[in-house]
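All remarks here apply to the structure that follows.
The values are calculated or read from the model by the stated rules, or taken from the named source; none is laboratory data. Values in this document were obtained by computation on a predicted structure and should not be read as measured data. Cβ atoms come from the backbone with ideal geometry, glycine included; neighbour counts cover every protein chain shown.
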Amino acid sequence: MGVERELVTLQARDGELHDALLHVDRRAARVRERATGRKTAIIHVHGIMGNFLVGTLRFFPGPLARAGYPTLVLETRMGNVGQLFGQAIFDDATMDIDAGWRWLRDRGFDHLVVTGYSSGATLATRFAATHPQSPIAGLVCLGNPWGLPQSLAARSQRWGAEPSYAQIVQRLQEAIGDDPDRPELDRLFVIERSRGPTRQPRDSEVYTYRTWWHSRGPEATAAMAYRQIGAVTAPILLVQGTADHVVHPEEAEALYAAARKGGNRDVELRWVEGADHFFSDREIVALDVVTTWLRSRA
């Protein structure tokens, strides 16, 4: 017994196919169902690197399953090479979360907690804001940027990125012209010093102009969590590391204020002291924060 893992393929409403990995401890799930009267599952949305890499926080789903919460870790069109081959159109990716929820619902689950990490937290926020009809029992965000465009622009300025945010915007505005479908928009480009002070790959990011515009451009409102979180009516947990240099702590404070201003009175911001963006060496603390919150909400 213990945690079992099942690889599944999900089909979104537009026909896109993506893999997902279900983590489930069936005995723990039955115990929690008897205790709560709910059959609750979690959908977890990866960050920029995708499902099976560091971008999903690989320490996360197994312990949640052992706590009685089956967790479906999604791949979406935003992950892995989605930025490179034109599939990372941000708002379309909510259909991938919807596909995961429909798959869980067909298997008898009646309550959903949506969790996300980094850009996946932004996507989870967008889904929760635009799907109020779903039985969403909670939204959990780990390292959620204030807005993907704003966060990237701030990092670019901080590290002296090349090209700068303003230069990319100018290039795109000139390239788009009167034709938003021009093939030139699918050209790859690299932003050096986008995530840190060096020109090494770890501090760089790669996009096509089209995918950058739809997820990091100044008009990508769906990718701005602060524009979405005020419409989320479900309970919200924001988990933020105090040593995060990718998403700065003040972004979490601002999101908390925006959610409260939108009228949600069940919003909690929890700090993980000393944690970086990957929660390195703070995994147990982050998990304890999330599982404690889940037990009181789901």
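Numbers for the structure displayed
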| item | result |
| --- | --- |
| Residues (within 25 Å of V285 (Cβ to Cβ), of a type in the set (V, I, T) and surrounded by fewer than 21 Cβ atoms within 10 Å (Cβ to Cβ)) located in the range 193-242 | T242 |
| Residue among P163, P197, P135, P183 that alone is free of Cβ contacts under 8 Å to residues at least 40 places away in the same chain and assigned by TED's automatic domain parsing to the domain that holds D276 | P135 |
| In the range 1-35, residue surrounded by the fewest Cβ atoms within 10 Å (Cβ to Cβ) [restricted to those that are assigned to a helix (DSSP H, G or I) and touching a Gly at 6+ places or on another chain (Cβ under 7 Å)] | V31 |
| Single residue of R126, R155 found to be charged (D, E, K, R), assigned by TED's automatic domain parsing to the domain that holds F59 and in contact (Cβ under 8 Å) with a residue 12 or more places away in the chain | R126 |
| Long-range neighbours under 8 Å by Cβ, at least six apart or interchain, first residue farther than 17 Å from T115 by Cβ within the range 20-41, second acidic (D, E) and assigned to a loop (DSSP other than H, G, I, E, B) | K39/D110 |
| Residue satisfying condition, being closer than 30 Å to P163 by Cβ, among the acidic types (D, E) and touching a residue at least 12 places away in the same chain (Cβ under 8 Å), within set E251, E268, E273 | E251 |
| Residue count, the range 106-150 (criterion: in a loop (DSSP other than H, G, I, E, B), farther than 14 Å from V246 by Cα and among the small types (G, A, S)) | 2 |
| Residue ranges of helices (runs of 4 or more DSSP H) in the range 206-298 with at least 2 members hydrophobic (A, V, I, L, M, F, W, C) and at pLDDT below 95 | 209-216 |
